[in-house]
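In what follows, a structure is listed as structure tokens, so that the remarks can point back to it.
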2 protein chains.
Amino acid sequence: MRDVAIIGVGVTRFGEIWNKSFRAIGIEAGLKAIADAGLAGDEIDGLFIGNMSAGRFVNQQHIDALIADYSGMASNHVPAVRVEAGDASGGVAFRQAVMAVASGMHDTVLVGGAEKMTDLDDASVNSIVDATADAEWEAAMGLTFPSLHAMIARRIIHDGIATREEIASVSVNSHAHGALNPDAQFRKAITLDTVLKSGPVAEPLGMFDCAPISDGAAAVVLCPLEKAKEFTDSYVKVAAVAQASDTLALFQREDITTYGATVAAANRAYEAAGITAADIQVAEVHDNYTVGGILAVQDLGFAKRGEAGKTFLEGGYQVGAGKLAVNTSGGLKARGHPIGATGVAQIVEIAQQMRGAADKRQVANPRYGLAQSVGGTGSAVTVSILEAI
Amino acid sequence: MRDVAIIGVGVTRFGEIWNKSFRAIGIEAGLKAIADAGLAGDEIDGLFIGNMSAGRFVNQQHIDALIADYSGMASNHVPAVRVEAGDASGGVAFRQAVMAVASGMHDTVLVGGAEKMTDLDDASVNSIVDATADAEWEAAMGLTFPSLHAMIARRIIHDGIATREEIASVSVNSHAHGALNPDAQFRKAITLDTVLKSGPVAEPLGMFDCAPISDGAAAVVLCPLEKAKEFTDSYVKVAAVAQASDTLALFQREDITTYGATVAAANRAYEAAGITAADIQVAEVHDNYTVGGILAVQDLGFAKRGEAGKTFLEGGYQVGAGKLAVNTSGGLKARGHPIGATGVAQIVEIAQQMRGAADKRQVANPRYGLAQSVGGTGSAVTVSILEAI
């Protein structure tokens, strides 16, 4: 297998982008990444797209062909692949793209993620999001995505792994970083009180524990590491990309206070990169609900069981506060969560950190950064590790 | 890159399978393929699923995790990927799986395709299928999938490439083979008159020019060629797997009497396999509408422009009739077309032909067989070539 490098990144503003269509935001991110790599579009020989449900959000299937076409790649008949894995769609698409270059089947690949969610009413959006839970054993019984995460939160509090305040502080951490990110959906710091007093969604989680409904797209360009210098001096090595699955329904797990798929994917990624959790200086983790941030930090090996929440509450995962900064982009909570885009946007943030291009949220002298993308309630997890060159 | 082999295949009956759920048919095909390969389920280290729209057909996204879970792979946290490319979803999933093994990232991979379409009323199904056309420039203008293919058929007749009777004979060819396939949805030979007098769908295409709405699943198991003998004596080499894209909307093509993506994918595949079209003895082609069969035979290089229809009408693509047999499974028309399953089911048929295991529809002493899967109106095409060992 060949080593793989990221040579360009692009991202749109995340938020309620009512003046641009799904295809427009997808193209915007892709063209930014291609320009950032210093390429002409016809140098791309493969395209991968992470997308959760354009078929339901904007009534468009077959968006592999759509994006290839509108990026000008149809004239070269460039192969295009759409990947879906619930919330982890972007992370899985990134892994497929890395595989394509590593295998030698492709040389210069664009991998994008995109979702346009705000064109529908909230009830329709929630029904689509709930379809990533188990339709027959969860959704049909009335369980929603928020209520599944609320059950995890209750159990975490019950078992003494984190307090309600510690869980809430994951949102405070993300918003503080979001205030530093011009592309974030919410660019405003908040206090713990804001989270605790926000309107209830599913007890104990409130509005500020939940990532918003968002539009947005992100993209990166990959090539073999040995060829990266031909294109740019500012490239980043893909040190590892791993994936793991778990049961679709939450009730089939022995322990819902840990995601086995995160643990498995992280172990595979650390082994492939030849490092440990202690080597990671910056991480983007899947805080679709605040409790997801607690699970992630614990399951990725950054903190012992019961310690993650304490560090969040103390502000220890802020840029400059400690050895590890978490969700410098603003995370899913403040940056926004256009589902298919999220996994790729995390890669964009970590790549920018590795390049020293993260502006006000730059961590000092990073060598390794990590992105974790979660589908369902931990049913599919990707863990990618990037290395500064 | 490593060479890749198919070591097991499995397929369900295609048809209106009202007594089994989506997940049940997906698992049935997968377990058959694993058993056929002589494997235990825990020897599989990667899973790829082609599926067009379970999110709309059965309200279930994230079926990567669903199938991994219900196949018993969640306990090993096996990575699972769902791929969508309209009608070509199964073909693209097969290519991703081959890439995974060729790259060395996976060793023993299960690739499946599944769709459950008959649980909804016909209007809902048609609306979902139409979503693989361009939502903004075709579907929004009232163009449906049948009417787009009818326009191609009209142009083909107008330009003298094939007559109405020759186009209709593609259906006769498929039904004759379907009568020999116990897993086919329609196992009855028909006459040209049946097609020509069938109820109109979109002029000039009638009911018998159109593939049915179907439920079904298919699966194959892959491993590195060098390891295939450890599992079975009856394996098949993947000689090539290629993919190409084209514009999503039909009006943006210079010529709608040829699919540029088929030509491009076929050329890439023949080059990779080191053969020409003349070396292929059996082919499964995408006859979702009869006119698709004419386009395929022409664009894959099996017949000169204007000659494909004549051979279909003469029965020249029947098993035993000539140098090339087409759609020995019954094709999409008679075997059935559960969208995500189709591309994988084609691979199953060609693999069985290469093994000499195709029973009454076996071609004599085959060395090379080909499968062509088409998304949209030629917006994404995969061409796979299998070689008998």
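The values are calculated or read from the model by the stated rules, or taken from the named source; none is laboratory data. Not measured: the values here are computed from a predicted model. Because the Cβ atoms are built from the backbone with ideal geometry, glycine has one as well, and the counts that use them run over all protein chains shown.
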(message) Checking the condition touching a Ser or Thr at 6+ places or on another chain (Cβ under 8 Å) and small (G, A, S), which residue from A:G301, A:G260 passes?
(response) A:G301
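The rows are residues; the columns are (1) touching a Phe, Trp or Tyr at 6+ places or on another chain (Cβ under 8 Å); (2) away from chain A (no Cβ under 14 Å).
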residue	(1), (2)
B:G301	yes, yes
B:K304	no, yes
B:Y317	no, yes
B:P338	yes, yes
B:I350	no, yes
B:N365	no, yes
B:V383	no, no
(request) Determine, yes or no, whether B:S127 is hydroxyl-bearing (S, T, Y) and either on the phi > 0 side of the Ramachandran plot or surrounded by 21 or more Cβ atoms within 10 Å (Cβ to Cβ) (or both). (result) no
(message) What pairs come out if I take residues in the range B:85-113 that are not assigned by TED's automatic domain parsing to the domain that holds B:M73 and pair them with residues that are surrounded by fewer than 24 Cβ atoms within 10 Å (Cβ to Cβ) and aliphatic (A, V, I, L, M) whose C-beta lies under 8 Å away, six or more apart or interchain?
(response) none
(request) State all residues of the range B:102-129 that are at the interface with another protein chain (Cβ under 9 Å from one of its Cβ atoms) and either farther than 18 Å from A:V98 by Cβ or assigned to a helix (DSSP H, G or I) (or both); if no residue qualifies, say none. (result) B:A102, B:S103, B:S127, B:I128, B:V129
(request) Please go through the range A:250-272 and pick out each residue that is more than 21 Å from A:G90 (Cα to Cα) and not polar (S, T, N, Q). (result) A:L250, A:F251, A:R253, A:E254, A:D255, A:I256, A:E271
(request) For A:V201, state whether it is in contact with a strand residue (DSSP E or B) (Cβ under 8 Å, 6 or more places away or on another chain) and under 30 Å from A:A100 (Cβ atoms). (result) no
(request) Give the range A:36-72 a look and list any residue that's assigned to a helix (DSSP H, G or I), aliphatic (A, V, I, L, M) and under 20 Å from A:V101 (Cβ atoms), or say none. (result) A:I67, A:A68
(request) Might you check whether a residue that is among the aromatic types (F, W, Y) and more than 26 Å from B:H337 (Cβ to Cβ) occurs anywhere in the range B:231-254? (result) yes
(message) Looking at the range A:73-90 only, could you name the residues that are closer than 19 Å to A:L31 by Cβ, in a helix (DSSP H, G or I) and not hydrophobic (A, V, I, L, M, F, W, C)?
(response) A:S75, A:N76, A:G90
(request) Just give me the residues in the range A:258-287 being surrounded by 24 or more Cβ atoms within 10 Å (Cβ to Cβ), within 14 Å of chain B (Cβ to nearest Cβ) and under 18 Å from A:R154 (Cβ atoms), in sequence order. (result) A:Y259
(message) If A:A102 satisfies all but one of (1) of a type outside the set (F, W, Y); (2) in contact with a Leu (Cβ under 9 Å, 6 or more places away or on another chain); (3) more than 21 Å from B:G50 (Cβ to Cβ); (4) buried (at least 23 other Cβ atoms within 10 Å of the Cβ), what's the number of the condition it fails?
(response) (2)
(request) Name every residue in the range A:106-120 that is of a type in the set (V, I, T) and farther than 16 Å from A:V11 by Cα, in order of residue number. (result) A:T108, A:V109, A:T118
(request) Could you list, in sequence order, all residues of the range B:136-173 that are of a type in the set (D, E) and either over 27 Å from B:V319 (Cα atoms) or outside the structural domain of B:A325 (by TED's automatic domain parsing) (or both)? (result) B:E136, B:E138, B:D159
(message) Against the conditions (1) in a loop (DSSP other than H, G, I, E, B); (2) modelled with pLDDT of 95 or more; (3) more than 12 Å from chain B (Cβ to nearest Cβ), where does A:I156 fall short? Just the number, please.
(response) (1)
(request) Could you tell me whether A:A135 is touching a Gly at 6+ places or on another chain (Cβ under 9 Å) and within 29 Å of A:L248 (Cα to Cα)? (result) no
(request) Select from the range A:37-65 the residues that are buried (at least 18 other Cβ atoms within 10 Å of the Cβ) and away from chain B (no Cβ under 14 Å) and list them in ascending order. (result) A:A37, A:L39
(request) Could you tell me which of the residues A:T342, A:T276, A:T311 is touching a residue at least 24 places away in the same chain (Cβ under 8 Å), farther than 25 Å from B:V81 by Cβ and in the same structural domain as A:I152 (by TED's automatic domain parsing)? (result) A:T276
(request) Answer yes if at least one residue in the range A:350-362 is among the acidic types (D, E) and either surrounded by 24 or more Cβ atoms within 10 Å (Cβ to Cβ) or touching a strand residue (DSSP E or B) at 6+ places or on another chain (Cβ under 9 Å) (or both), and no otherwise. (result) no
(request) Being of a type in the set (A, V, I, L, M, F, W, C), assigned by TED's automatic domain parsing to the domain that holds A:D255 and under 22 Å from A:G206 (Cα atoms) narrows it down to one of A:V348, A:V326, so name that one. (result) A:V326
(request) Report, by residue number, each residue of the range B:185-206 that is hydrophobic (A, V, I, L, M, F, W, C) and surrounded by fewer than 24 Cβ atoms within 10 Å (Cβ to Cβ). (result) B:F186, B:A189, B:I190, B:L192, B:L196, B:V201, B:A202
(request) Looking at (1) closer than 19 Å to B:E28 by Cα; (2) free of Cβ contacts under 8 Å to residues at least 24 places away in the same chain, find the lone condition where B:G55 falls short. (result) (1)
